[in-house]
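The values are calculated or read from the model by the stated rules, or taken from the named source; none is laboratory data. These figures come from a predicted structure and were not determined experimentally. Here the Cβ positions follow ideal geometry from the backbone for every residue, glycine too, while neighbour counts run over all protein chains shown.
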């Protein structure tokens, strides 16, 4: 098995075409998935709990007579926390402390209400309030991500959200996740991941249900007799989950529609090549469509990284996935300079950007678009995934040009505050009336004019 990311050079005449081809990725969802998701959403909206029970039995092989059989309790969370090894408990709590500390600092910096009075005594300001109830989707079973639970639940908790509803699929081993009726439906306990439940205990999840897929998104968006309707849904999922989140947006808020994971390493050649190779692996192992790119002005160093890839690939368990990812979407790009590398990085706008350099702060001011920027050789992207503190839910597929990491602000909303004084009404009323008449909205104009002294006659 070999992993040979495409070698590109900005000096080559065909660089632009090859570069665009390597970056291309379509977010279009299969039409059959879209139609299936639409049917599931409509069914859950119409039948509520009954539909959720049917789909959970069909897709996860997890049978229950009522939703009570699919609800996790605080006792389940505590039992899972107590059952995991002490080292995992300590790591989970340490990660949670750092994630909480970062998001508490974020809230203080940008999440407070404010107001001021102008010269007429009119009060103007902004009131920041948390969402009442949010839903977080956590992949379950064998593909379990307690770190994602922390990254979604903790900023919601810091923001002041009162109810955090978790949905996590716990499929019975051997069930057919894409549908069908061949699964054995004899259990109400599927593949629960104890570390996920322990993370729910640490992060302060309010309620949780062992449901997943489009039906879980529908239950959160529309509400059922058992599952509360939420204000916003966050968290990663498969193509069915992503399609469902797109369709319910507007009924509820969503965080983002995430594409495959990405890492871009901007290197000056000073970091051990093995470190960079493994950093490229760290994203490639997620998915065959994940993208790992190296930008470097040192051709000999790029050769060293390729040699490290060849040597280290057989040592990692997910070698086949990594090889397919690097062969299909990976790139080792030789640039004329670090400045040019920074410019190309801004064009890519990667999810994760490592500045693996002796002088990372020299290059950081040139970097404008990235979900998260990891400065210096010791700052591996994996530390950000688990425990550095900043959120690991990041914009992908170039959307870092206009999007931000998940944060406290995603679980808050802002209301404008306006209290116009009597003196202020005299100045503002004249302006508003003039503009309202210009728009042909006479009632708007008269509402402002009636507060003027003296009240002017109505215009025809």
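Brief remarks on what is shown
- Scanning the range 326-362 for residues that are free of Cβ contacts under 8 Å to residues at least 60 places away in the same chain, part of a helix (DSSP H, G or I) and buried (at least 18 other Cβ atoms within 10 Å of the Cβ) yields a total of 1.
- Which listed residue, of 60, 43, is surrounded by fewer than 19 Cβ atoms within 10 Å (Cβ to Cβ) and farther than 14 Å from residue 225 by Cβ: 43
Residues checked against (1) assigned to a helix (DSSP H, G or I); (2) within 24 Å of residue 165 (Cβ to Cβ):
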position	(1), (2)
8	no, no
11	no, no
16	yes, no
27	no, no
41	yes, yes
51	yes, yes
58	yes, yes
64	no, yes
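- Sole residue being more than 26 Å from the chain's Cα centre (by Cα), surrounded by fewer than 21 Cβ atoms within 10 Å (Cβ to Cβ), more than 22 Å from residue 383 (Cα to Cα) and without any contact (Cβ under 8 Å) to a residue 12 or more places away in the chain, chosen from 303, 310, 298: 303
- Among (1) surrounded by fewer than 19 Cβ atoms within 10 Å (Cβ to Cβ); (2) at positive phi - the single one residue 269 does not satisfy: (1)
- Screening 449, 419 for residues that are touching a strand residue (DSSP E or B) at 6+ places or on another chain (Cβ under 7 Å) and more than 30 Å from residue 99 (Cα to Cα) leaves exactly one candidate, 419.
- Counting only strands (runs of 3 or more DSSP E) wholly contained in the range 82-155, the ones carrying 3 or more residues that are touching a helix residue (DSSP H, G or I) at 6+ places or on another chain (Cβ under 9 Å) and closer than 16 Å to residue 205 by Cβ occupy 133-137.
Quick grid of which residues meet (1) within 28 Å of residue 131 (Cα to Cα); (2) modelled with pLDDT of 95 or more; (3) surrounded by fewer than 23 Cβ atoms within 10 Å (Cβ to Cβ):
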residue	(1), (2), (3)
369	no, yes, yes
372	yes, yes, yes
378	no, yes, yes
387	yes, yes, yes
390	yes, yes, yes
394	yes, yes, no
401	yes, yes, yes
408	yes, yes, no
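- Test: residue 445 is free of Cβ contacts under 8 Å to residues at least 60 places away in the same chain, in a helix (DSSP H, G or I), more than 30 Å from residue 285 (Cβ to Cβ) and outside the structural domain of residue 111 (by TED's automatic domain parsing): yes
- Hits in the range 431-460 (condition: surrounded by 13 or more Cβ atoms within 10 Å (Cβ to Cβ) and over 46 Å from the mean Cα position of the chain (by Cα)): 446, 449, 450, 451, 452, 456
- Single residue of the range 223-241 satisfying the filter (closer than 19 Å to residue 66 by Cα and crowded, with 19+ Cβ neighbours inside 10 Å) that is nearest to the chain's Cα centre (by Cα): 227
- If the condition is being farther than 11 Å from residue 268 by Cβ and touching a helix residue (DSSP H, G or I) at 6+ places or on another chain (Cβ under 6 Å), then the range 356-366 contributes only 366.
- Residue 433, sole failed condition from (1) within 30 Å of residue 27 (Cβ to Cβ); (2) in contact (Cβ under 8 Å) with a residue 12 or more places away in the chain; (3) not assigned by TED's automatic domain parsing to the domain that holds residue 23: (1)
- On the stretch given as the range 54-86, residues that are in contact with a strand residue (DSSP E or B) (Cβ under 7 Å, 6 or more places away or on another chain) and closer than 23 Å to residue 96 by Cβ total 1.
- Which listed residue is surrounded by 15 or more Cβ atoms within 10 Å (Cβ to Cβ) and under 20 Å from residue 195 (Cβ atoms), from 75, 86, 95: 95
- Qualifying residue in the range 366-386 (condition: outside the structural domain of residue 268 (by TED's automatic domain parsing) and either in contact with a strand residue (DSSP E or B) (Cβ under 6 Å, 6 or more places away or on another chain) or part of a loop (DSSP other than H, G, I, E, B) (or both)): no
- Condition check for residue 425: assigned to a helix (DSSP H, G or I) and either farther than 30 Å from residue 91 by Cβ or in contact with a strand residue (DSSP E or B) (Cβ under 8 Å, 6 or more places away or on another chain) (or both): yes
- In this entry, residue 277 is excluded by the filter for residues that are in contact with a strand residue (DSSP E or B) (Cβ under 7 Å, 6 or more places away or on another chain), crowded, with 22+ Cβ neighbours inside 10 Å, part of a helix (DSSP H, G or I) and on the phi < 0 side of the Ramachandran plot.
- Criterion (modelled with pLDDT of 95 or more and more than 22 Å from residue 132 (Cα to Cα)) met by exactly one of 221, 199, 214: 214
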